[in-house]
Amino acid sequence: MATTLETATTYYQSPLGLLRIGGTDTYINEISFVDHLDDAKYHHPSLKGPVTPLVIQCIEQMIQYFQGQRRIFDFPVAQDGSSFQQRVWNELTAIPFGKTISYLELSRRLGDTKAIRAAAAANGKNNIAIVVPCHRVIGSKRDLVGYAGGLWRKKWLLDHETKVMYGVQTLF
């Protein structure tokens, strides 16, 4: 699926740090936070394919999201994963902007509350941050738990979405 076409990769400096964005002509397959980037790799042209129109569209929509002008992304995404992981990721995209659910609720929506650990593990394997909003899944006690990009980013994203939902203006 997501590995059959050549992927173009580029970087976007977001308010939360550097994002690696990868995609083909037909879908985005990676949006991930980069904390430790080897400068040689970052500037090496062979590691960045030609930037496709879809990757440019993704970056434009990410800018709009961070500026509080976009709540829904409308470009195609695809990532490799098991059928269960695909179900989890699809369920994540159903969580409305500015809202959260617990891992228990996520497993309930998948039809099996005993699958809470498996749902959490699949959530953690998501390679398309923000757009497939794994940051909107929190602990049953409303606590911030588990986020590959770091809990401080999860908190920032949730705070950002809450501010946008309720019309609070912020400067970046």
In this structure, is Asn127 closer than 17 Å to Ser83 by Cβ and touching a residue at least 60 places away in the same chain (Cβ under 8 Å)?
yes
For segment 70-98, how many residues are touching a residue at least 60 places away in the same chain (Cβ under 8 Å) and surrounded by fewer than 17 Cβ atoms within 10 Å (Cβ to Cβ)?
4
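Restrict the check to segment 77-95 and report whether at least one residue is in a loop (DSSP other than H, G, I, E, B), under 24 Å from Glu30 (Cβ atoms) and of a type in the set (D, E, K, R). Even if it seems obvious, please write down each step before you answer.
Looking only at segment 77-95, we keep the residues that are in a loop (DSSP other than H, G, I, E, B), and these are 78-82, 93-95.
Filter again for under 24 Å from Glu30 (Cβ atoms), leaving 78-82, 93-95.
Add one more test, that the residue is of a type in the set (D, E, K, R), and what stays is 80.
Yes - at least one qualifying residue is present in segment 77-95.
Residues to consider are Lys155, Lys141, Lys114; find the one that is among the basic types (Lys, Arg), surrounded by fewer than 19 Cβ atoms within 10 Å (Cβ to Cβ) and either closer than 21 Å to Gln79 by Cα or at pLDDT 95 or above (or both). Reasoning before the result, please.
Numbers: Lys141 fails: either closer than 21 Å to Gln79 by Cα or at pLDDT 95 or above (or both); Lys114 fails: either closer than 21 Å to Gln79 by Cα or at pLDDT 95 or above (or both).
Going through Lys155, Lys141, Lys114 in turn, just one is among the basic types (Lys, Arg), surrounded by fewer than 19 Cβ atoms within 10 Å (Cβ to Cβ) and either closer than 21 Å to Gln79 by Cα or at pLDDT 95 or above (or both): Lys155.
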Inside segment 147-172, can you point out the residues that are in contact (Cβ under 8 Å) with a residue 40 or more places away in the chain and either within 22 Å of Asn90 (Cβ to Cβ) or part of a helix (DSSP H, G or I) (or both)?
Ala148, Gly149, Arg153, Trp156, Leu157, Leu158, His160, Glu161, Thr162, Lys163, Val164, Met165
Phe73 passes all but one of (1) under 18 Å from Tyr12 (Cβ atoms); (2) more than 13 Å from the chain's Cα centre (by Cα); (3) assigned to a loop (DSSP other than H, G, I, E, B); which number fails?
(2)
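Going by the structure shown, is Ile56 modelled with pLDDT of 90 or more and assigned to a helix (DSSP H, G or I)? Please lay out each step first, then the result.
Details: modelled with pLDDT of 90 or more: yes; assigned to a helix (DSSP H, G or I): yes.
So Ile56 passes the test.
Restricting attention to segment 101-116, does a residue exist that is closer than 25 Å to Thr10 by Cα and of a type in the set (Gly, Ala, Ser)?
From segment 101-116, those closer than 25 Å to Thr10 by Cα are none; that's our starting set.
No - not one qualifying residue is present in segment 101-116.
Please verify whether Ala118 is among the hydrophobic types (A, V, I, L, M, F, W, C), out of contact with any Pro (no Cβ under 9 Å at 6 or more places or on another chain) and assigned to a helix (DSSP H, G or I), treating the condition exactly as stated.
Numbers: among the hydrophobic types (A, V, I, L, M, F, W, C): yes; out of contact with any Pro (no Cβ under 9 Å at 6 or more places or on another chain): yes; assigned to a helix (DSSP H, G or I): yes.
When the stated conditions are applied, Ala118 passes them.
The values are calculated or read from the model by the stated rules, or taken from the named source; none is laboratory data. It should be emphasised that the depicted structure is a prediction, and the values quoted were computed from it without experimental measurement. Ideal geometry is used to build each Cβ from the backbone, glycine not excepted, and the neighbour counts take in all protein chains shown.
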